[in-house]
Structures are given as C-alpha cells and as structure tokens.
Protein chains: 2
Amino acid sequence: MAVGSGELGTLHTVGGVRIGVASAGIKKPGRIDTVVFELAEGSSVAGVFTLNAFCAAPVTLSKKHLAAASPRYLLINTGNANAGTGASGMADAEASCAALAAEVGIAPEQVLPFSTGVIGEKLPVEKLVAAIPAAVAALSADGWERAANGIMTTDTRPKATSRQIEIDGRKIIITGISKGAGMIKPNMATMLGYVATDAAIAPDVLQAMLDVAADASFNRITIDGDTSTNDSCVLVATGKAGGEMLTAAEGPAFDSLQSAINEIFLDLAHAIVRDGEGATKFVAVEVAAAKDVSEALKVAYAVAESPLVKTALFASDPNWGRILAAIGRAGVDGLDVSILTVHLDDVLITEKGGRAESYTEAAGAAVMKQSEITIRINLNRGQHTETVWTTDFSYDYVKINAEYRS
Amino acid sequence: MAVGSGELGTLHTVGGVRIGVASAGIKKPGRIDTVVFELAEGSSVAGVFTLNAFCAAPVTLSKKHLAAASPRYLLINTGNANAGTGASGMADAEASCAALAAEVGIAPEQVLPFSTGVIGEKLPVEKLVAAIPAAVAALSADGWERAANGIMTTDTRPKATSRQIEIDGRKIIITGISKGAGMIKPNMATMLGYVATDAAIAPDVLQAMLDVAADASFNRITIDGDTSTNDSCVLVATGKAGGEMLTAAEGPAFDSLQSAINEIFLDLAHAIVRDGEGATKFVAVEVAAAKDVSEALKVAYAVAESPLVKTALFASDPNWGRILAAIGRAGVDGLDVSILTVHLDDVLITEKGGRAESYTEAAGAAVMKQSEITIRINLNRGQHTETVWTTDFSYDYVKINAEYRS
C-alpha cells in the first residue's frame with residue numbers, strides 16, 4: 001500500500017551528473033541493485049549521515065572519504081546494509097571503492113560508498129565488484145528514474161523529484177531521488193537521498209544548505225521511530241549551469257536555491273512517508289504555539305509514534321482520547337491541558353481539557369476516513385510551530401516486518 | 001493471546017479488607033464493571049499515579065482525597081476512563097464518591113475513585129451510582145478473584161497474586177490484583193493495581209515501600225510505549241495481623257516486607273506483560289554494565305519498544321541486526337559498539353561490532369521460537385544493570401486496537 005498517486009513527473013537531467021545501474025544479484029538474482037553516480041570534476045559535495053552508534057561500514061567510510069578528497073563517484077548497493085559487520089564489513093566497503101576507482105582511474109578516496117538492506121549479514125562484495133563495470137558502462141545523464149528504482153528495498157515505488165528555477169537570468173536544475181519505507185526516524189540525515197544541482201556552490205555553503213534542508217524534511221518524518229544504521233543523504237552541486245560560485249550562505253541567489261532545495265527535500269521526504277510500510281494514511285502532526293522547537297517536536301513525535309494513535313488512524317476511528325493521552329505523556333513541563341486545542345483538519349475536537357462542545361462523532365469520522373489528515377495541536381503557550389509527517393499502523397506493517405528475511 | 005498459564009493460585013484473604021463487585025452496565029449490559037474495596041478503620045494507604053499531564057478526573061480526585069483524609073473505600077469502574085472529560089468529568093467523579101460515602105456513612109473524601117476504559121467519553125455516572133448499593137451489599141473478605149475479573153478491560157485473564165510471610169513469629173498476608181494489556185508504559189505508577197497487607201505499617205513508610213516496589217516492577221514494563229491517563233496503584237496496610245506498627249523504612253521487618261511486596265508487584269507487572277495485547281512472547285531485556293540507571297533504561301526501552309524488534313520477535317526471526325540498530329539509536333553518549341555483547345538467552349550473537357564467530361542462525365532461531373526470551377545486552381562500560389519486560393508486536397495488537405471502540 002501507499003498513499004497518493006506516486007507519479008514521478010519530469011526528471012530534468014543535471015549537467016555534470018551521469019548515472020548507471022546494474023544487477024549484482026546481492027539479494028535476488030536479476031534485480032537492479034547497484035547504482036553508480038559519476039560527478040563532474042570540480043563538483044561540490046555535501047553529506048549528512050545517521051547518528052546511530054551502530055552505523056554501517058559504508059557510512060563510516062563515506063564520512064572519511066568526504067573529509068579526505070573531492071568525491072567523483074557514488075557507489076550504492078541495495079539488498080545488504082553492510083551494518084553490524086565489524087572489521088570485515090569495513091574491508092568489504094573499502095574493496096568496493098577500490099574496484100570502482102580502478103575501473104574509472106581515480107583514487108579510492110574519491111568514491112563514497114552506500115549500502116541498504118538487511119543488517120548483520122556479510123556483504124557479498126565479490127558480486128558487487130563484478131557488477132561495477134556494467135554500471136559504469138551504462139552511465140548516462142538520464143539515469144535518474146532507473147537509479148530511483150535501483151535503490152529501493154521494501155519501497156513499493158520509486159521516489160524522485162525535480163525543479164527548474166532561474167537565478168540571475170540563468171536556468172538552474174535541481175533533481176533528487178530517495179528511498180526508504182521502514183526503519184524510518186532519521187536523525188540529522190535520512191535513509192538514502194541523492195540530490196544534485198548544476199548550480200555552482202562552494203562546499204561549505206552547500207553543506208549549510210543541506211543541513212537546513214535535511215532538518216526541515218527528512219528529520220521531520222517518522223514511520224516507526226526506528227533510526228536506521230545506514231541513513232545517508234548527499235547533495236551535489238556540479239556548477240555546470242555556469243555563473244559565479246556561490247560562496248556565502250546569504251543573499252538572493254542563496255535564498256532562491258535554499259528554498260528550491262528545501263522543496264525538493266520535502267517532496268522526497270513526503271514520498272517516503274506516503275510509501276511507509278503498510279501505510280494507508282499520510283498524516284501531518286502540526287504542533288503550534290509551543291515555547292520552543294524542542295517541546296513542539298516532543299509533542300509531535302509522541303503523537304506521531306504512538307502505536308495507539310496509529311492503529312486508530314488505520315481504523316479511521318476518531319478515538320481522539322488517544323491523541324490527548326499521547327500529548328499528555330510527551331514530557332512537556334507544566335503543560336496546561338485546559339488551554340490547549342486539538343483539531344482534525346478543521347474540526348475542533350478538544351478544548352478545556354475535554355471534548356469540544358461543537359464536536360460531533362460524525363464530523364470526526366468524516367476527517368478520519370480521508371487518506372490525508374492533519375492533526376493540529378495548539379499548545380497556546382508560545383510562538384513556535386513544528387510539523388512532522390507520519391503514517392498509520394496497519395496489519396501490513398506487521399506482515400512486511402515479520403516476513404522481511406523470509 | 002497471552003503467554004504462560006495465567007493460573008492464579010491461592011489468594012489469601014487480608015484481614016481488614018472486604019471487596020464487593022456489581023454490574024453497572026457502563027459499556028456492556030450485564031458485565032461486572034464496578035468494584036468496591038472496604039478498608040478497616042486505621043488502615044494506612046499509599047498511592048502512586050500516572051504522570052500523564054492529561055490525567056483522568058478520578059486520578060486528580062484520588063490524589064486530593066488521599067492528601068485530605070484517611071481512605072476507607074476504593075471505588076473502581078471499568079468501561080469508561082473518565083479522562084479528557086474536563087469539568088464535567090470531575091463533577092462525575094465527585095458524585096460517585098459522594099454516592100458511596102452516603103451509602104456507607106462516611107465522608108466523600110474517604111473514598112478514592114478509579115476509572116479505566118475508553119478515553120474522552122462522558123462517564124455514565126448515574127449507572128455507576130445505581131450499582132453502588134449492590135457492590136456494597138456484596139462486600140466479603142474473599143472477593144479478590146472477583147475483583148481481579150471486575151477490573152479487566154482488554155485483558156484476557158485476571159491478574160492476582162498472594163504471599164504469606166512470617167515476621168517476628170507473626171503470619172503476614174499480602175495479596176494484590178492488577179489490570180492492563182495496552183497503553184502500557186507506566187510512569188511512576190501503573191494501569192490499575194491494588195495490593196493489601198494485614199501488616200501494621202505507618203503511612204510514610206508504606207508510601208516509601210510502594211515507591212520502591214512500583215519502580216522495580218510496573219515502571220519496568222512496556223507494551224506499546226503509551227502511558228495511560230489513568231494509571232494508579234494503591235498499597236494498603238490494615239494492621240489486622242497485629243504486632244507493632246512499622247514506623248521506619250529500615251530493619252529486618254521492613255526488609256522482609258519490602259522484599260515480599262516487591263515480589264507481589266513483580267508478579268502483577270509480569271502478568272500484565274504476559275497478557276499484553278496480542279502478545280505471543282514474554283521478553284525480558286536486560287542491560288548490564290551500564291554507567292548508570294538512566295543509560296541502562298534508555299537502551300532497554302529502545303530495544304523493548306522498537307516496532308522492528310517486536311515484529312521480528314513475533315516472527316521468531318533472529319534478525320539481531322534490528323537489536324543492534326535499536327541499541328545504536330538509544331542515545332548513549334560515546335557508546336563503543338566494538339566492546340558490547342548481545343546474547344539471546346545464552347546464545348552469544350554479537351561481539352566486536354558484528355556477528356559473533358560462534359553464532360549460528362540455527363542457535364538463534366531455537367531461542368526465538370521460545371515463548372519466553374531474554375535479550376541480554378552487556379555494554380561493558382559500568383556497574384549498573386536494569387531489566388525491562390515487554391512483548392512482541394503481532395497482527396492481533398493492530399486488530400485489538402483498530403477495533404477497540406467498535
């Protein structure tokens with residue numbers, strides 16, 4: 001299941017980026033599971049990565065390579081996460097970078113490796129290495145949709161989006177892909193996301209842009225509260241659109257780019273939620289008038305991750321008592337339940353610590369039947385608003401995750 | 001579903017405690033949903049209550065009454081939680097206390113009210129009030145098992161336990177009941193729990209005893225991470241066994257009582273987990289060699305509440321990578337994954353950041369097939385050990401909670 005149409009729309013090619021895919025047969029024979037990105041020389045590359053202490057070998061190695069050299073290639077495999085694999089996992093990740101580097105004639109440090117799939121099983125690195133020449137041979141500028149398909153695991157559909165903007169009379173493209181459907185509660189990063197623009201942006205500015213965009217998108221979604229060991233997101237600026245290099249995180253050009261990149265990231269993050277494992281609903285939890293960002297997020301995540309709220313959403317049951325209970329246990333100091341309000345879309349359900357006088361079960365039920373719902377919580381105690389996005393909790397979530405390895 | 005036999009064993013009567021039940025028809029006609037406890041004059045009573053900010057009207061009123069007077073009666077109803085009901089909910093709770101007080105000739109402040117069931121719907125207080133005379137007429141010393149049945153909601157079986165100990169040559173009885181199967185992550189309290197002893201214990205000592213016992217039992221279990229609005233636990237000491245009043249929280253008599261009371265509480269807490277909504281497994285998560293209690297509990301709860309770990313438990317799939325991922329995201333500062341170990345019962349699954357050399361899938365699968373499993377995590381960085389208890393996550397959990405109000 002998935003929520004919404006999931007149509008990809010036009011994916012503009014990005015000057016300076018070519019993509020090739022291949023089948024290494026890592027988990028299943030014949031499945032496209034290997035993706036190579038080639039980035040033009042002189043591209044700026046920024047990355048954010050999972051904060052999970054059990055981060056995967058490729059995450060550790062990508063961070064190291066990013067600090068040491070200018071990346072020219074990204075190497076991504078699905079079917080195996082190469083996480084919880086100790087020293088041999090690191091050797092495998094290094095071997096895969098070395099193989100790609102040798103194939104294309106660069107240094108191994110110029111390859112960033114990424115893996116996604118089952119945790120704790122040895123990466124069949126010889127299969128991955130064997131598929132690299134085919135992926136390199138297939139490199140082409142229009143490979144974005146094939147790459148979006150190639151990085152899927154339990155995803156039911158590819159996730160990709162594209163924008164064209166104009167800066168100083170110059171046409172700028174931003175295109176990105178992502179994957180993820182379970183083990184989704186990114187922490188300063190995401191599942192896997194790859195976004196590229198042909199704008200010219202200095203590396204430190206690009207990193208700042210990525211941090212802002214990831215924080216407002218991937219760091220605001222949760223499907224099951226489980227942070228992956230492999231979350232990684234990369235933003236590339238090739239500079240092929242021409243124009244002056246953006247070297248400061250301010251000004252109209254920066255603002256236009258940041259705004260377009262934020263939109264791209266939010267599209268990709270929402271696409272992940274819409275394709276959440278077993279999802280039948282796409283739910284925004286908006287917490288307004290909080291004292292600060294932290295308490296807004298505490299309340300939003302308590303509601304978004306409550307199994308009881310999520311099963312009620314699955315049942316289309318306006319059991320709003322469960323929303324109140326989740327707000328109440330969120331750990332907000334001195335929360336005054338008598339002044340907060342809760343709406344389902346535009347239907348006021350709670351005020352003065354209880355059911356709103358105007359509320360009717362029919363009105364609540366009508367909203368809950370929708371496939372897209374906003375739970376709006378107004379704490380009435382400050383100026384901050386934050387939104388997180390999540391899904392319901394269905395039989396299929398249990399089925400998908402009970403049968404994942406079988 | 002439920003794990004283990006659930007047989008109650010002998011429930012000793014407690015001198016000074018009589019219990020009566022009745023049917024008020026609050027949610028379903030004919031169902032026993034009203035329980036009255038009568039406590040002998042001079043009994044000490046201690047209580048712990050939910051920390052959920054949206055706590056129910058009866059919780060607020062019980063705390064107020066407990067501070068104001070010596071309780072003589074407990075009035076419990078199921079079928080409606082009287083939570084999220086604002087000012088009218090408080091009026092209903094007060095009316096129910098007043099009705100019982102009038103029936104038995106005491107002050108309303110001497111009644112502690114408790115409610116459990118659906119949140120956010122008005123308590124049909126007139127039905128509850130009408131059932132009080134029948135419950136009072138039914139008061140008898142051997143009402144414990146009927147009370148255990150009478151406080152059930154989604155529970156599939158009653159929860160009760162009893163101990164007889166000897167202190168200074170005097171026979172002392174401790175008997176208790178509890179209820180709860182979902183919305184279970186107690187916070188300084190529990191679902192509903194009622195434990196009584198005929199020992200003579202001063203109120204402040206009794207409260208200290210209750211705090212210790214609840215913290216080591218009800219505050220160490222989680223089914224879905226959702227803290228109820230109505231959690232309450234009461235410990236009563238009637239003094240009817242005779243002997244000197246225990247006035248200090250130390251000494252051999254105190255130690256014997258605390259130890260027996262801890263056992264009673266742990267029995268009742270485990271009974272709740274075994275009867276967790278949709279549970280097919282009873283799982284202990286033991287975190288050893290942590291730097292302090294807080295980090296041990298962070299890791300234990302991250303594992304115990306991970307939907308991915310819980311669905312793997314349901315599938316009997318030794319997908320231990322999910323356990324590592326949960327440990328890794330628990331938020332422990334400077335966690336060194338290369339020195340920690342994880343066992344499933346006695347099977348070593350993880351060491352040196354990856355799969356243990358001695359591990360075989362067959363050995364892991366054999367443990368996962370059991371209905372009772374201990375996940376043992378050794379952080380190898382300190383002296384503290386904590387254990388929490390939980391269940392798996394099954395289709396039936398979703399079913400029970402999707403259909404709860406229908």
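Key figures
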item	result
Nm distances between copies for A:G4, ranked from closest, using label points 7 Å along Cα→Cβ	4.6
Electrostatic dipole magnitude of chain B [Cβ: Lys, Arg +1; Asp, Glu -1; Cα centre; debye, to 20]	760
Peptide B:89-96 - average C-beta neighbours from other chains (10 Å radius)	1
Whole-Hz ³J(HN,Hα) from phi, Karplus 6.51 cos²θ - 1.76 cosθ + 1.60, for region A:321-332, glycine and proline x	x, 5, 5, 4, 4, 5, 4, x, 9, 6, x, 7
Under 5 Å, built H, 5+ apart or other chain: amide partners of A:A24	A:D33, A:T34
Per-residue HN-Hα couplings for region B:365-372 [Karplus 6.51, -1.76, 1.60; θ = phi - 60°; Hz; x = Gly/Pro]	5, 4, 5, 5, 6, 5, 8, 10
Computed magnitude of the charge dipole of the protein assembly as shown (debye, nearest 20; Cβ of K, R +1, Cβ of D, E -1)	1080
Probe 1.4 Å - accessible area at B:S44, Å² to nearest ten	10
Fraction of alpha-carbon pairs over 18 Å apart in region A:82-140 - percent	34
Minimum 40 Å² accessible area buried by the other protein chains, region B:358-406 residues, probe 1.4 Å, relative to alone	B:F393, B:Y395, B:V398, B:N401, B:A402, B:R405
Test item: B:307-316 mean partner chain Cβ contacts at 10 Å	6
A:T350 long-range amide H proximity, modeled H, under 5 Å	A:V342, A:A356
Between A and B, accessible area buried - total, square angstrom, nearest 100, 1.4 angstrom probe	4300
Calculated label separations, A:D346, copies of the chain, 7 Å along the beta-carbon direction, nm	6.7
A:F254 - accessible surface, heavy atoms, 1.4 Å probe, Å² rounded to 10	20
Centroid-to-centroid separation of region A:209-257 and region A:263-321 [C-alpha atoms, Å]	22
Mean-position separation - Cα centroids, region A:160-176 and region B:67-145, in angstrom	66
Paired Rg and Dmax values of region A:184-342, which use every Cα atom, in angstrom	18.5, 57
Degrees separating the helix B:203-215 axis from the principal Cα axis of chain B, which is the longest one	30
Protein accessible area in region B:1-67, 1.4 Å probe - carbon and sulfur %	50
Structure-based [θ]222 nm, the protein assembly as shown - -39500 (n - 2.57) summed over DSSP H runs of at least 4, per residue, nearest 500	-10000 deg cm²/dmol
Candidates A:E109, A:E121, A:E286, ranked by Gaussian network fluctuation over chain A, Cα under 10 Å, top entry	A:E121
Angle in degrees between helix B:86-104 and the longest Cα principal axis of chain B, rounded to the nearest 10	50
Percent of beta bridges antiparallel (DSSP, region B:282-402, rounded to nearest 5)	70
Vicinal HN-Hα couplings computed from phi for region A:278-285 (Karplus, 6.51 cos²θ - 1.76 cosθ + 1.60; Hz; Gly/Pro x)	x, 5, 10, 9, 10, 10, 9, 10
Rounded to 10°, Cα long-axis angle of helix B:293-304 versus longest principal axis of chain B	80
Long-range Cα-Cα pairs in chain A (distance over 38 Å), rounded percent	23
Bridge type composition, the protein assembly as shown - antiparallel percent by DSSP, nearest 5	70
Heavy-atom accessible surface of region A:250-406: percent carbon and sulfur, 1.4 Å	49
Accessible area per residue in Å² at 1.4 Å probe, computed on chain B	34
Approximate shape of the protein assembly as shown as ellipsoid semi-axes (Cα gyration tensor, √5λ), whole Å, largest first	54, 29, 21
Hydrodynamic radius by Kirkwood, which averages 1/r over all alpha carbon pairs of region A:230-296, in angstrom	15.6
Amide proton proximity set for B:G143, modelled H, under 5 Å, gap of 5+	B:I19
Shielding by partners - mean other protein chain Cβ count within 10 Å, residues of B:327-337	5
Percent of beta bridges antiparallel (DSSP, chain A, rounded to nearest 5)	70
Charge-dipole axis of the protein assembly as shown as Lys and Arg at +1 and Asp and Glu at -1 on Cβ define it, positive-most pick from B:I377, B:N52, A:P158	A:P158
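The values are calculated or read from the model by the stated rules, or taken from the named source; none is laboratory data. For clarity, every value in this text was computed on a predicted model and none was experimentally measured. Cβ atoms come from the backbone with ideal geometry, glycine included; neighbour counts cover every protein chain shown. Accessible surface areas use protein heavy atoms only, side chains included; no ligands, DNA or RNA. Shrake-Rupley method; radii C 1.70, N 1.55, O 1.52, S 1.80 Å.
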